[in-house]
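Each remark here refers to the structure printed beneath this line.
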Amino acid sequence: MTSERPTYHELARRWKALRATHDVRVREVACVGAPRTLLCAELGDPALPIVTIAAGVHGDEPAGALALLALVVDRALDPRFSYRLWPCTNPTGFDLGTRTSADGTDLNRTFGRGGSSPEARAIVTANRDRRYALALDLHEDDEAEGFYCYAYGDGGIGEAIVDAVRAAGAPCDPRGCLRPDPHAEAEALGGLSLSLLLRRNAAERTLTLESPSQRDLSERIATHVVAVRAALSQTTVK
Ligand SMILES: [Zn+2]
C-alpha cells in the first residue's frame with residue numbers, strides 16, 4: 001500500500017480492479033440530484049451477519065478510505081461476517097481535500113430524514129431494511145494526539161479497540177473511547193451522522209473511529225487497519 005494520496009478516480013479504479021482478483025462485488029450507486037456516484041462493495045456470504053464500514057465522508061480525512069481498501073486487498077476482514085462497504089462516501093471532497101462535498105455540505109450532518117444530501121440519500125436508500133451486526137465509520141481528527149473512538153451501543157468493545165491500537169504501538173489520544181448520548185450528540189451536530197443514523201435504526205453496535213491526521217498517512221492507515229480488525233474480532237456472532 002502506497003502512502004501517497006490517490007485521486008478519487010484512481011481510488012475507484014483500484015476498487016474495480018479487485019473484481020478480477022478478489023471475491024468482491026463492486027458497484028456504483030447513483031446520487032440522485034448530483035452528477036456523481038458512490039462506490040458500494042460487498043463481499044462474503046450474505047447469509048452471515050453483516051458488517052458495514054464507511055470511509056471518507058470528510059474529504060480531508062483520506063486514511064480511512066485507504067485503510068478500507070487495504071483491508072480488502074490484503075483479505076484481512078474477518079470471514080465470520082459478510083460486508084457492505086462504502087469505500088468513499090464523499091468523492092468530490094476527497095478530490096478537493098475538503099471536509100465538505102463540492103456542494104459545500106458537511107455530509108456527516110445529513111443522514112436524518114431519509115438523507116438531506118445526494119450522497120446520504122443514496123446510502124439511506126441502499127440500506128433500507130438492512131440490519132447490521134456492526135457499523136464502523138472511519139474518520140480522522142486534526143486535533144487528536146492519537147487514536148480514539150466514539151461508541152454508540154458498542155457492547156463494550158470500544159476500550160478493547162483502543163487497547164489493540166496501543167498494543168500495536170500506535171499513539172492513543174487521552175479521550176480513549178467516548179460514549180456520547182446519541183440524542184445530545186445529534187442536537188450538538190445539528191443533524192444526524194451516519195453512525196447516529198445506523199445506531200438509531202440498523203446496527204447493534206456502532207463506532208466512529210478517529211485517527212490523528214497530524215501523523216504520517218501510512219501510520220494513520222495502519223492505525224485504522226488495526227482498529228477495524230480489533231472491532232471485528234471483538235464482535236460476537238449470535
Ligand atoms: Zn471526520
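The values are calculated or read from the model by the stated rules, or taken from the named source; none is laboratory data. As the structure is a computational prediction, the values presented were derived from the model and not from experiment. Because the Cβ atoms are built from the backbone with ideal geometry, glycine has one as well, and the counts that use them run over all protein chains shown.
Looking at segment 125-177, which of the residues that are within 22 Å of residue 201 (Cα to Cα), among the aliphatic types (A, V, I, L, M) and in contact with a Leu (Cβ under 8 Å, 6 or more places away or on another chain) is nearest to the ligand (Cβ to nearest atom)?
Across segment 125-177, the extreme among qualifying residues is 138.
So which of 154, 137 ends up being assigned to a loop (DSSP other than H, G, I, E, B) and touching a residue at least 40 places away in the same chain (Cβ under 8 Å)?
Going through 154, 137 in turn, the sole match is 154.
Scan segment 5-27 and give yes if some residue there is crowded, with 20+ Cβ neighbours inside 10 Å and within 16 Å of the ligand (Cβ to nearest atom), otherwise no.
no
Name every residue in segment 92-105 that is touching a helix residue (DSSP H, G or I) at 6+ places or on another chain (Cβ under 9 Å) and within 15 Å of the ligand (Cβ to nearest atom), in order of residue number.
Matches in segment 92-105: 93, 94, 98, 99, 100, 101, 105.
Could you identify the single residue in 65, 55, 34, 41 that is small (Gly, Ala, Ser), surrounded by fewer than 21 Cβ atoms within 10 Å (Cβ to Cβ) and in contact with a Pro (Cβ under 7 Å, 6 or more places away or on another chain)?
Checking each option against the conditions leaves just 34.
Is it the case that some residue within segment 103-111 is part of a strand (DSSP E or B) and surrounded by 21 or more Cβ atoms within 10 Å (Cβ to Cβ)?
Yes: segment 103-111 contains one or more residues that are part of a strand (DSSP E or B) and surrounded by 21 or more Cβ atoms within 10 Å (Cβ to Cβ).
Within segment 67-78, is there a residue that is within 16 Å of the ligand (Cβ to nearest atom) and modelled with pLDDT of 95 or more?
Yes: one or more hits.
Cβ contacts < 9 Å: first residue free of Cβ contacts under 8 Å to residues at least 24 places away in the same chain and in a strand (DSSP E or B), restricted to segment 49-63; second residue hydroxyl-bearing (Ser, Thr, Tyr) and away from the ligand (no atom under 16 Å from the Cβ), any location; separation 6+ or different chain. Result?
none
Take the residues of segment 157-211 that are within 18 Å of the chain's Cα centre (by Cα) and acidic (Asp, Glu): which is surrounded by the fewest Cβ atoms within 10 Å (Cβ to Cβ)?
Per the criteria, the residue is 204.
Just to be sure before I move on: is residue 237 more than 16 Å from the ligand (Cβ to nearest atom), modelled with pLDDT of 95 or more and either part of a helix (DSSP H, G or I) or over 15 Å from the mean Cα position of the chain (by Cα) (or both) in the structure I sent?
no
Would you point out the residue of segment 111-138, among those that are touching a Gly at 6+ places or on another chain (Cβ under 6 Å) and at pLDDT 95 or above, that is farthest from residue 184 (Cα to Cα)?
118
Is it the case, given these coordinates, that residue 85 is in a loop (DSSP other than H, G, I, E, B), more than 16 Å from the ligand (Cβ to nearest atom) and on the phi < 0 side of the Ramachandran plot?
no
Taking segment 112-125 on its own, how many of its residues are hydrophobic (A, V, I, L, M, F, W, C) and either closer than 13 Å to residue 61 by Cα or surrounded by fewer than 16 Cβ atoms within 10 Å (Cβ to Cβ) (or both)?
Residues in segment 112-125 being hydrophobic (A, V, I, L, M, F, W, C) and either closer than 13 Å to residue 61 by Cα or surrounded by fewer than 16 Cβ atoms within 10 Å (Cβ to Cβ) (or both): 0 in total.
Do you know which residues across segment 186-210 are within 16 Å of the ligand (Cβ to nearest atom) and not in a helix (DSSP H, G or I)?
Correct list: 190, 191, 192, 193, 206, 207, 208, 209, 210.
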